[in-house]
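Notes follow once the structure below has been shown.
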Ligand code: SF4
Ligand code: SF4
């Protein structure tokens, strides 16, 4: 069955032409209230994104995601692999938060906060407008042969794009390996860190490819969040939407004619000027309804408002609204689905806060050495061998660390030094023996409680098992 004409836009994406090739989008430069506010938000987020790996709190990098060395800092708090459960809960909270936000406000994240949109629309696109001019000039330039003007503009654009991609790649690396290391690499001989230099150039190439060529295809084809929209949005979700009731009227949209009485002719307020289409960075027509390609960038709201102002009609023909707002003219409602997601979100946040408060700065584990049995010693002493690990999550070294048995009478002896140090944000590990007199054993397997001390101060307690022969009593 052939798709009805007004539904044909759903058969292909706006950036693929009839021959199946890429239809390059030349969006008009947006202007207006929303674009101004989005620019302000983007300046703040760009500053945050670029500075976060270079800001330190208590000596900790503000944001660090060192996957290779398994070191993570979030808002200056160091997280260790031992805190993995906290990371998992934080990620689940992030996902639920985004889902809740999407159910209520649609893709507001894509238009206002997503780094892809921020870099593409607020950095690369602005540079493109500066070098190549607005939509009309860009289309002309693309069509014209490779003369001096085209070569000059294109080469200049590519060089600037490459430099910015290189800067972004450096910042990205600072998130991964830490800003101190990055700065030491930059100030040192690059050939001493050849593999890092290669990674840097690969990242630069990826960013250049995304922002110079792949562009809106990230949002349309690659982004998993974009793909989720179909299940998250409903007719109560607030999106950038075209008011089709008002825009189409009784007899549909029509070109503007000063002398025409549109109310009498039954025409809607849309004057079919296509400005909302020309300004769209994903190349779609918002008048076809909510589409997966729409990143809610608000450019069409601003553009249509300009047109409405010019023809003397009320603004807001395209605005933030839900399908229900438009059709029934009903106000926003907090639905059962929203209530459910909010409840889950609050519970998870509560759990995370609780866990953060219970999180220790020092974590000790003592485990029996695998494959080793207990030993009988003189005078009824039983000995077990263990490995230990003490993690110091703080930015201060912990010295004079020792173990004491809290639950039983007995001795703990570490193999190298009896008292040891744990470096800041580091760990100490080694081997130790625990010895108990057989009279201390009520069973073949005793659970021991052990205190970890720095000097005389108890800094952590841990437990381990102690094995002995069967039946002493
Ligand atoms: S900008 Fe507004 S008036 Fe012009 S085509 Fe789009 S919706 Fe219609
Ligand atoms: S339809 Fe409007 S809000 Fe959506 S991407 Fe295009 S210009 Fe942005």
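A Förster distance of 45 Å, applied to the separation of the beta-carbon atoms of residue 54 and residue 148, puts the FRET efficiency at 0.65. Each peptide among 103-113, 400-410 gets the average number of other Cβ atoms lying within 10 Å of its residues, and from highest to lowest they stand as 103-113, 400-410.
Distance between the pseudo-spin-label points of residue 253 and residue 198 (7 Å out from Cα toward the beta carbon): 5.3 nm. Over the chain, DSSP H runs of length four or greater, each weighted -39,500 (n - 2.57), average out per residue to a 222 nm ellipticity of -12000 deg cm²/dmol. Ranking of 208, 320, 43 by neighbouring Cβ atoms within 10 Å, starting from the fewest: 43, 320, 208.
Projected label points at residue 395 and residue 137, each 7 Å from Cα along the beta carbon direction, are separated by 4.8 nanometres. Angle of helix 336-358 to the longest C-alpha principal axis of the chain, folded into 0 to 90 degrees and rounded to 10: 30°.
Packing here is the average count of other Cβ atoms within 10 Å per residue, and on that basis the peptides 460-469, 365-374, highest first, run 460-469, 365-374. Distance from the Cα centroid of segment 380-396 to that of segment 100-151 is 57 Å (rounded to whole angstrom).
Protection proxy ranking for 349-361, 213-225, using the average of other Cβ atoms within 10 Å per residue and placing the highest first: 213-225, 349-361.
Using a Förster radius of 22 Å, what is the FRET efficiency between residue 373 and residue 418 based on their Cβ-Cβ separation? Nearest 0.05, please. After rounding, the FRET efficiency stands at 0.30. For residue 335 and residue 361, the difference between the fully extended length at 0.36 nm per residue and the C-alpha to C-alpha distance is 5.2 nm.
Entry note, segment 263-328: relative contact order of 26 percent, from Cα contacts under 8 Å with a spacing of 6+ residues. Spin-label point model (7 Å from Cα, Cβ direction): what's the residue 22 to residue 97 distance in nm? Rounded to a tenth, the inter-label distance reads 3.4 nm.
Laboratory data are not the source of any read-out in this text; all were calculated from the coordinates shown. The structure displayed is predicted, hence computed values, not measured ones. Don't worry about glycine lacking a Cβ; one is built from the backbone with ideal geometry, like all the others, and counts go over all protein chains shown.
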